[in-house]
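Below is one structure; the comments refer to it alone.
We did not get these values from a lab; they are worked out from the coordinates using the rules stated. The model shown is predicted, which means the values in this text are computed figures rather than measured ones. Using ideal geometry, Cβ is built from the backbone for each residue, glycine included, and neighbour counts are taken over all protein chains shown.
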Amino acid sequence: MAKSKMFILLALFTTFILILTSCGVPVPPNFSATVYGKVSAYVGDVTRLKSFPASFFIRRSNAPKFIEKQFVVGCRTEVSTTVRHSIEKFGTVLDELSVGDETYFLVRTDSEVPQIREELSKIPGFLSVEPNRVVTVSAIFPNDPYFVQQWNLSLINLPYAWTITTGSDIVTIAVIDSGVDLSHEDLAGIFVPGYDFVRNDSFPDDENGHGTHVTGIIAALTNNSKSVAGVAWGQRVKIMPLKVMDETGTGTVFNFAKALVYAVDHGAKIINVSLGASQPSSVEYSAVKYAYENDVIMVCAAGNDGSYGVDYPAAYPETIAVGAVTIDGVRASYSDYGPELDVVAPGGDEQSAVLSTFLGNTYDYWAGTSMATPHVTGLVALMVSQGIVGVENVRNVLRRTAVDLGPAGYDIGYGAGLVDAYAALTWQDGWEPLVVFGVDENGNVDSYTVADGLGRFQLTVRKPRVKIYAWMDFDGDDAMGVGDLYGYYGYVGGDPRTGSPIVLSLEMNEIREINFNIAPIVDTTHRPVLSAKDAQTLSDYKKDVIEQHYRSLRK
């Protein structure tokens, strides 16, 4: 588990159904056709597919601080070849990771850090060298007794929140953990393809149980006559399992960084991180910043030492850091604390732990900040399904709607307080619509509408030949850019650069169904080039829709 803010793919798969009629020339002045459909998450590669190796975690008290004779060397990508040649004079390059304009090498050598730094610092563009640190899960060993109630769900007001939404598959959540029991009956059908960084294959099975327990808290199938409910209903959301921990619950920071980059590059917009280490890492922080710059929301565990100082990556300002409280709403004795903490959530203790899915199609009680974190991750998924998006906006809503605990106002033990699911979903600020719009042959915006929380929409088209696009302003900057959710009719998944928008030929009063995908913007090749006037029209429309949304909430 980690201290502050799987193949989990948060890219959007959009099924758009258009009902339209093909018209001839000339175009009747009252031409009209109808488009309807549904937006859902695209499952698959978004930018590039790379194969990554791995290894992972156990409780920090039993684990070494770093992997013996392994170091991580960072440099600017333009000098990576030179740095690699220098490394090979005194060691072996085991692995490589590119993050933006930086490259990191995993190196095995008998040399010490000062010697490596002295040798490489002669090369302009060399950035850092550090041990390949160990990261650990933040979970207390599970209790034996079983409890009848999931007290944790009521504690954060979920039964009321579910009256607003139970989730939407416009979002996929990456769970970077020990894998998952892929055959568990209460998790059936919730997964998109994941990856095992321990064995370097595409079968992220769980040999530890930690990842299965975390996943059940986020999205167990709900209202299905099975044992437990998830924060977000598994029938609605999708989980991408990324395995980075082995059967002992142990792994390395280098492989964790690789999993982070993988999740972002494959479309995840929410990542659960119930693991961590006591020290920062350059390669890890580079990957965290990469996620943040792409507006991917990272929810991280504070750690289980019960001491001052939140674990990493939770301690990084780009993540949402989560501490744990007991059934009585009191800070759990094991929960780490500090100024980096954002909020707290149910983590339980030895007397009242958190019930969730476990290995072998069973259920078990565990406690820890590892368990608190997926409560917040599931809530963030509910928020995104309601159009509450963007890292800082989500953080703001979570903190402003939290129930104040401990000393009045923000404090280092509870952060802003205990998350309140109902209050977060009804917060009257920060909502962004999913806009569906048509562009005619002259490149002008023809028509526009908004999809509902489940991604369904209906669009009236006023030209016989149009291209159809969908856009959610995920970072709220009014510009269609990297980090937003975007797609077009003709995009069937994978790299958005490989296809192109299809022109629809319609007839008067035709009703047509069309299907296409929507994913995080990672490239602008096929983004529509709009005039300043049309861009302003869409922006004004979006603002009007937002105002109407909040006006209806106030009513």
Rg(Cα) / (2.2 N^0.38 Å) computed for segment 277-421, rounded to two decimals: 1.01
Cβ crowding within 10 Å averaged over residues, with 84-90, 99-105, 204-210 ranked highest first: 204-210, 99-105, 84-90
For segment 478-491, Karplus couplings with θ = phi - 60° (6.51, -1.76, 1.60), whole Hz, Gly/Pro x: 6, 10, 7, x, 3, x, 6, 9, 7, x, 8, 5, x, 7
Too-long pairs where the Cα-Cα distance tops 29 Å, listed order kept, from Lys238/Lys533; Lys65/Lys289; Lys269/Lys467; Lys89/Lys269; Lys243/Lys289; Lys467/Lys543: Lys238/Lys533; Lys89/Lys269
Per-selection Kirkwood Rh - segment 223-275 (Cα, Å, 1 d.p.): 13.3 Å
Per-residue HN-Hα couplings for segment 114-127 [Karplus 6.51, -1.76, 1.60; θ = phi - 60°; Hz; x = Gly/Pro]: x, 5, 5, 5, 4, 5, 7, 5, 6, 9, x, x, 5, 10
Cα gyration tensor of segment 323-387 - equivalent ellipsoid semi-axes, whole Å, descending: 20, 19, 9
Overall dimensions of segment 338-469 by Cα: Rg and Dmax, Å: 20.9, 67
Evaluated over segment 157-297, the Cα radius of gyration and Dmax, each in Å: 14.9, 46
Order by protection proxy (mean Cβ within 10 Å, highest first), peptides 534-540, 167-173, 129-135, 403-409: 167-173, 129-135, 534-540, 403-409
